[in-house]
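Working notes, structure below.
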Amino acid sequence: MLSQEAPVSNIAGPSASATGNVTNQAVQVLQGPFSVNTYGGGIQCQGPSLSFSPFALGSRNYNWDPNSFETGSGNIGITMGFNFPLDGSLTEQCKEAAEAQIARNQAEADKARLDFELVRLLRCGEAMKSGIQFHPDSPYASICSDIIVAQPPTPPPPEPKPSL
């Protein structure tokens, strides 16, 4: 008996449907510029710093299909960064240089003040000896108010020479 094979027919009809969306959101944290303290004379020191950066992100997905729902997402947060020097000796050297510069600046300011006061003393004294002064109602009358001109002691008259 001969076998007859019936033709086999397989028809694949897969059907799949998928929808979705992806929203990528990122926060970039930048740690600079750092605060720098300047003391003059080229001395600039940078120390540890702490920074806060608030952020808010959001998205909204619209679907025009009346049978679908609108979706959305939102994020808020704070990023925080702490920076510190890896070589503490450099920071200490900078602090010492800053202290020296501050002392130098103060010495220069003290010298300038002393120079001003000595010039004021001399000019006011010369004016008083000449009989010159500000009017008492003048806003500048107080400039020389603390200056006292003392007359130098009069030398004693020379002794007469004995006659021969």
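Listed by Cβ neighbour count within 10 Å, with the fewest neighbours leading, 76, 143 appear as 76, 143. In sequence order, the stretch 140-149 has phi-based couplings of 9, 4, 6, 4, 10, 5, 9, 9, 10, 9 Hz under the Karplus curve 6.51 cos²θ - 1.76 cosθ + 1.60, θ = phi - 60°, and Gly or Pro positions carry x.
For the stretch 33-133, what is the relative contact order in percent, using Cα pairs closer than 8 Å and at least 6 residues apart in sequence? Relative contact order for the stretch 33-133 comes out at 26 percent. Rounded to the nearest 20 debye, the dipole magnitude of the stretch 33-133 is 480 debye, with +1 charges on Lys and Arg beta carbons, -1 on Asp and Glu beta carbons, and the Cα centre as origin. Fewest-first ordering of 128, 80 by other beta carbons within 10 Å of each residue's beta carbon gives 80, 128.
Checking the a/c ratio against 1.5 first, then a/b against b/c, what shape does the Cα gyration tensor give for the stretch 33-133? Oblate shape, in that a/c is at least 1.5 and b/c is the bigger or equal ratio.
Just so you know, all these numbers are worked out from the coordinates, no wet-lab data involved. This is a predicted model, so every value here is computed, not measured. Every residue, glycine as well, gets a Cβ built from its backbone with ideal geometry; the counts of neighbours run over all protein chains shown.
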